[in-house]
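Contents: one structure, followed by commentary.
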Amino acid sequence: MSCLFPWYGDLKELLLQGFRSMRWPTVESLAGAVMLLHLVVCPYTKVEESFNVQATHDILYHGLNIEKYDHLEFPGVVPRTFLGPLVLAMTTAPAVYLSQFMKVSKFLSQYVVRIALGLYVLAAFSVFGNAIKFRFGPDVKRWLFLMTLTQFHFMFYMSRPLPNTFALVLVLLALAAWLKQNHAQFLWTSGAAIIIFRSELAVFLGLILAAEIFSKRLSIVTLLKHVIPAGLFLLGLTVLVDSFFWRRWLWPEGEVLWFNTVENQSAKWGTEPFLWYFTSALPRALSMTAFLVPLGITLNPHLRPLLIPAVGYVLLYSNLPHKELRFIIYVVPVFNAVAAAGVAKMWANRSKSWFKRLVAMAAASHIVGNIMCTTVFLFVSHQNYPGGLAMQRLHQLEKPYIAVNLHIDVPSAQTGVTRFTEINPKWRYNKTESIQPGTRAMLDFSHIFVGNDDILQFYQSTHSVIAKIDSYDTLRVDLRSFPPIRVTTKPKIWILKRNLYIKAS
């Protein structure tokens, strides 16, 4: 393989380097523990993760029997690549097959899959951290990890099967290659991130590429030497693999790019003001570290080439009206690295005067603020997956040998229900969306998940509510209590059971 693709050996060594560094008491091991904490507290997934988690399940449990795959019945708005799920399935297959042999709950496989993805991101983040260490010193790397693992969103997304998370692995490797001036690996990993997973990364990584060309650190000859074969190979790979699974010729990320930019259809899922990433998303993602980024760039002007592409990407991407924090998650490590350089410098100079010691202590104490913010975010997120909790509750309420024919409505399917949660092979699980509430066809189902209280009226005479699943509603500040923040919940999913005297249609 290394004879055909000279970048392969470097990429393999970098990932192995990342995994090898995860030994206690390294900061990587601590970050891994925090990642696992987020996963255990929030084990379920949401609609944005649906394709990747279902595809991974289907590859593991159905193999080449593609007719049973979820995406053929529920394709989603735009097609996504199978390459990420394929890698996850290949990585976790031994553990999943062992759990099947031992007859362990199938939901354990979802944990295994998400842990594997989290470890891939962690290994890539370790490679990025080592590149930061190489360029700016070990203290900067330590502060980078300490800031990142005490923030919520990066650690939360680390194990979530989003297209952005798969792309994040490659972006971190590309950034590490850039910092070490390994242009071959930078071009190949950037190309994989853009062509296979997230086309908008052409803006972020393209700005870095433009700077390298303009500064003459990268020649046009070297660029073409790698870009042409990389583009042809990566495009051919995704087209061949994904056309096989989707049963038609396609380039998934090309269709996503057309949908989001040319047709601008993503705006149907909500819009935000132009500066939303700077006024809302980044402050939440960085927590208290956000206040230290300006200080870091002031104390270390030589970090501007690192920060400018990240800021430029967020500014340019702000032109798209539909905005989500996950779309810019790639820049969080860059902002943290700049802040880490500032804190490292202040900490190193703390013994020179009482004032510098006071400033250094104040800067370091922002970690406590990060932890407090993360605690609130994590507590809220734990209560934001009513569909998954409904599946868990139903399997607790009904005996495993009872005949259950369950209909799962859209709100439930979007908030935690996956094929991994379908743990009873004797039960029937149905997500058909075209069946109207209250019709005779719904009487075929012994149990129904309802995620809209207005629909309950259609089942008053045929079904009984056997459980209500509460979920996050609002977050309020109450200075009279401790902690002074109160999270309120309300019922979001109702589990209905058909009355015994009602016959199926």
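Considering the stretch 168-186 alone, what residues qualify as being open to solvent by 10 Å² or more (accessible area, probe 1.4 Å) and under 19 Å from Gly231 (Cβ atoms)? Quick ask: steps written out before the conclusion?
So the first thing to find is which residues in the stretch 168-186 are open to solvent by 10 Å² or more (accessible area, probe 1.4 Å), and the list is 169-170, 178, 180-184.
The answer is Leu170, Trp178, Asn182, His183, Ala184.
Taking the stretch 423-453, which residues are open to solvent by less than 40 Å² (accessible area, probe 1.4 Å) and closer than 18 Å to Tyr69 by Cβ?
Scanning the stretch 423-453 gives Lys431, Thr432.
Please find, among Leu250, Leu232, the residue that is over 17 Å from Phe166 (Cβ atoms) and not in a helix (DSSP H, G or I).
Leu250
Restricting attention to the stretch 360-372, which residues are out of contact with any Lys or Arg (no Cβ under 6 Å at 6 or more places or on another chain) and buried (at least 17 other Cβ atoms within 10 Å of the Cβ)?
Answer for the stretch 360-372, where residues must be out of contact with any Lys or Arg (no Cβ under 6 Å at 6 or more places or on another chain) and buried (at least 17 other Cβ atoms within 10 Å of the Cβ): Ala363, His366, Ile367, Asn370.
Would you point out the residue of the stretch 291-322, among those that are open to solvent by 10 Å² or more (accessible area, probe 1.4 Å), without any contact (Cβ under 8 Å) to a residue 60 or more places away in the chain and more than 18 Å from Ala211 (Cβ to Cβ), that is nearest to the chain's Cα centre (by Cα)?
Among those residues, the one meeting the criterion is Pro321.
Just to verify a result, which residue in the stretch 53-101, among those that are open to solvent by less than 20 Å² (accessible area, probe 1.4 Å), outside any helix (DSSP H, G or I) and not polar (S, T, N, Q), is nearest to Leu250 (Cα to Cα)?
Among residues in the stretch 53-101 that are open to solvent by less than 20 Å² (accessible area, probe 1.4 Å), outside any helix (DSSP H, G or I) and not polar (S, T, N, Q), the one nearest to Leu250 (Cα to Cα) is Pro79.
Quick check on the stretch 454-505: of everything there that is hydroxyl-bearing (Ser, Thr, Tyr) and exposed (fewer than 11 other Cβ atoms within 10 Å of the Cβ), which residue is farthest from Asn405 (Cα to Cα)?
Applying the first criterion (hydroxyl-bearing (Ser, Thr, Tyr)) to the stretch 454-505 yields 459, 461-462, 464, 471-472, 474, 481, 488-489, 501, 505.
Restricting the remaining residues to those that are exposed (fewer than 11 other Cβ atoms within 10 Å of the Cβ) gives 461, 474, 481, 501, 505.
Numbers: Ser461: 19, Thr474: 34, Ser481: 45, Tyr501: 17, Ser505: 13 Å.
Looking at residues that are hydroxyl-bearing (Ser, Thr, Tyr) and exposed (fewer than 11 other Cβ atoms within 10 Å of the Cβ), I get Ser481.
If you go through the stretch 73-108, how many residues are more than 16 Å from Phe51 (Cα to Cα), in contact (Cβ under 8 Å) with a residue 24 or more places away in the chain and among the polar types (S, T, N, Q)?
Number of matching residues: 3.
Return yes or no: is Tyr472 closer than 30 Å to Cys373 by Cβ and aromatic (Phe, Trp, Tyr)? Reasoning before the result, please.
Working: closer than 30 Å to Cys373 by Cβ: yes; aromatic (Phe, Trp, Tyr): yes.
When the stated conditions are applied, Tyr472 passes them.
Just checking, how many residues over the stretch 125-139 are open to solvent by less than 10 Å² (accessible area, probe 1.4 Å) and under 15 Å from Leu306 (Cα atoms)?
Residues meeting the conditions: 4.
In the stretch 207-247, how many residues are free of Cβ contacts under 8 Å to residues at least 60 places away in the same chain and among the charged types (D, E, K, R)?
4
Only one of these is in a loop (DSSP other than H, G, I, E, B), hydroxyl-bearing (Ser, Thr, Tyr), surrounded by 15 or more Cβ atoms within 10 Å (Cβ to Cβ) and under 23 Å from the mean Cα position of the chain (by Cα): Tyr44, Tyr111. Name it.
Tyr44
Determine whether Arg198 is in contact (Cβ under 8 Å) with a residue 12 or more places away in the chain, open to solvent by less than 20 Å² (accessible area, probe 1.4 Å), of a type in the set (Lys, Arg) and over 29 Å from Leu316 (Cβ atoms).
Values: in contact (Cβ under 8 Å) with a residue 12 or more places away in the chain: yes; open to solvent by less than 20 Å² (accessible area, probe 1.4 Å): yes; of a type in the set (Lys, Arg): yes; over 29 Å from Leu316 (Cβ atoms): no.
In short, no.
Give Glu13, Glu48 a once-over and let me know the one that is at pLDDT below 85 and acidic (Asp, Glu).
Glu13
For the stretch 387-416, give me each residue that is open to solvent by 10 Å² or more (accessible area, probe 1.4 Å), closer than 16 Å to Val41 by Cα and of a type outside the set (S, T, N, Q).
Correct list: Leu389 only.
Answer yes or no as to whether Phe145 is open to solvent by 10 Å² or more (accessible area, probe 1.4 Å), touching a Leu at 6+ places or on another chain (Cβ under 8 Å) and within 30 Å of Ala348 (Cβ to Cβ). Working first, answer last.
Working: open to solvent by 10 Å² or more (accessible area, probe 1.4 Å): no; touching a Leu at 6+ places or on another chain (Cβ under 8 Å): yes; within 30 Å of Ala348 (Cβ to Cβ): yes.
No; evaluated as a whole, the condition is false for this residue.
Given the stretch 364-469, what helices (runs of 4 or more DSSP H) lie entirely inside it while holding 2 or more residues that are within 30 Å of Thr289 (Cα to Cα), touching a residue at least 60 places away in the same chain (Cβ under 8 Å) and under 27 Å from the mean Cα position of the chain (by Cα)? Before you say what the answer is, go through the steps one by one.
Working: elements: 366-382, 386-397, 410-413.
Result: 366-382.
The values are calculated or read from the model by the stated rules, or taken from the named source; none is laboratory data. Model, not experiment: these values are computed from the prediction. Every residue, glycine among them, receives a Cβ derived from its backbone with ideal geometry; neighbour counts consider all protein chains shown. Surface areas here come from the heavy atoms of the whole protein model, side chains and all, with no ligands, DNA or RNA. Shrake-Rupley method; radii C 1.70, N 1.55, O 1.52, S 1.80 Å.
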